[in-house]
Amino acid sequence: MTSPKIIWMSDPHFTHQGDVLGHDPRVRLQAAVDHVNTHHSDAQACVISGDMVNRGTRADYQALQAILATLCVPVLPMVGNHDNRALLRETLPLPATCMADFIQYQVAVEGGLLVCLDTLKAGADAGEMCPSRRAWLDKTLRDAGDTPVTLVMHHPPMALGLPMQDSDRMEDGESLLDLVARYECVRYLCIGHVHRPITGVIRGIGFSTMRSVLYQAPPPVPDWDWSSFAPAAEAPALGVLSLQGADVTLQMEQICPYETGTSHPPTTPN
């Protein structure tokens, strides 16, 4: 018997026209959707961990919804620092459990509870968890009891050894880690934002970050900064989360060759 699975995409940075750093977000997202429809139509849902669009415009969200509507599994959208809460709420489907003021919710899935956090700090690249969102999470984890919980968030609450991205992690992430570490039901953290695949353990809890379905950030070696930034010559990917009791397996699957969706030859930082 196969384990219940969730598809995990991150950081599509969608635009209804034009490229983003030399990549066509419509081609890349369609490739991801086609991959899921072809290979993972039995998944329970597809969670997208923030930066749904690149500019936060109504036209971008509407065009994004048109593509996501062709996905054969339910979509669970989340906000990142490029998103607009009000426009996302108007155009994309959200669970009934969603908070009134934040895009933060829980979804019961076979194999446990999926809890999607809103780490957006309006007007900033870094993230936050305000007292209201933190209180909601505290109650949700307390009510979960022994039900295994997988947390999904956009901003990392910890430094990841990525000098350029670590400064834009979640502000006061230590307090969030203190909170979740109190609950044995929390089995895994799924994190977006950094456009790189990293796995580890923090406070005894396993975590992974996910590749973007659009473009990848370079690894920290050799050194680079934002003035020399260019996407790495790495293919986009999505994750397949298999949930079985307290056990989690994450497989990352390449969705298309690097060249697909690239409108000009890739460049690398000096």
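If you go through region 19-28 one residue at a time, do you hit one that is closer than 19 Å to Gly112 by Cβ, open to solvent by less than 10 Å² (accessible area, probe 1.4 Å) and touching a His at 6+ places or on another chain (Cβ under 7 Å)? Walk me through it before giving the result.
Narrowing region 19-28 to residues closer than 19 Å to Gly112 by Cβ: none.
No; the residues of region 19-28 include none that is closer than 19 Å to Gly112 by Cβ, open to solvent by less than 10 Å² (accessible area, probe 1.4 Å) and touching a His at 6+ places or on another chain (Cβ under 7 Å).
Please enumerate the residues belonging to region 101-145 that are among the aliphatic types (A, V, I, L, M) and either in a helix (DSSP H, G or I) or open to solvent by 60 Å² or more (accessible area, probe 1.4 Å) (or both).
Quick first cut of region 101-145, residues among the aliphatic types (A, V, I, L, M) only: 103, 107-109, 113-115, 117, 120, 122, 124, 126, 129, 135, 137, 141, 144.
Of everything in region 101-145, those that are among the aliphatic types (A, V, I, L, M) and either in a helix (DSSP H, G or I) or open to solvent by 60 Å² or more (accessible area, probe 1.4 Å) (or both) turn out to be Ala108, Ala122, Ala135, Leu137, Leu141, Ala144.
Here's the yes/no breakdown for (1) modelled with pLDDT of 95 or more; (2) more than 14 Å from Val79 (Cα to Cα); (3) touching a strand residue (DSSP E or B) at 6+ places or on another chain (Cβ under 6 Å):
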| site | (1), (2), (3) |
| --- | --- |
| Val107 | yes, yes, yes |
| Val115 | yes, no, yes |
| Leu120 | yes, no, no |
| Ser132 | yes, yes, no |
| Asp172 | no, yes, no |
| Tyr188 | yes, yes, yes |
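Of all residues in region 46-68, count the ones that are open to solvent by less than 10 Å² (accessible area, probe 1.4 Å), among the hydroxyl-bearing types (Ser, Thr, Tyr) and under 13 Å from Arg85 (Cα atoms). Total meeting the criteria: 1. Taking region 176-205 as the search range and keeping residues that are under 19 Å from Asp138 (Cα atoms) and among the small types (Gly, Ala, Ser), which one is least open to solvent (accessible area, probe 1.4 Å)? Per the stated criteria, the residue is Ala181. Among the residues making up region 209-224, those that are of a type in the set (Ser, Thr, Tyr) and assigned to a loop (DSSP other than H, G, I, E, B) are Ser212, Tyr215.
Within region 1-17, the set of residues being part of a loop (DSSP other than H, G, I, E, B) and either at negative phi or open to solvent by 40 Å² or more (accessible area, probe 1.4 Å) (or both) comprises Met1, Thr2, Ser3, Pro4, Ser10, Pro12, Thr15, His16, Gln17.
Starting from region 73-87, take each residue that is over 20 Å from Leu113 (Cβ atoms) and list its partners that are open to solvent by less than 10 Å² (accessible area, probe 1.4 Å) and among the aromatic types (Phe, Trp, Tyr), counting only C-beta distances under 9 angstrom and pairs at least six apart or across chains. Here the result reads Asp83/Tyr61; Asn84/Tyr61; Leu87/Tyr61, each pair linking region 73-87 to a residue that is open to solvent by less than 10 Å² (accessible area, probe 1.4 Å) and among the aromatic types (Phe, Trp, Tyr). Scanning region 197-230 for residues that are over 27 Å from Val180 (Cβ atoms) and touching a His at 6+ places or on another chain (Cβ under 7 Å) returns Leu214, Tyr215, Gln216.
The values are calculated or read from the model by the stated rules, or taken from the named source; none is laboratory data. Everything numeric in this text was worked out from a predicted model, so none of it was measured. No Cβ is skipped: glycine too gets one built from the backbone with ideal geometry, and neighbour counts run over all protein chains shown. Note: accessible area is taken over every heavy atom of the protein model, side chains too, but ligands, DNA and RNA are not part of it. Shrake-Rupley method; radii C 1.70, N 1.55, O 1.52, S 1.80 Å.
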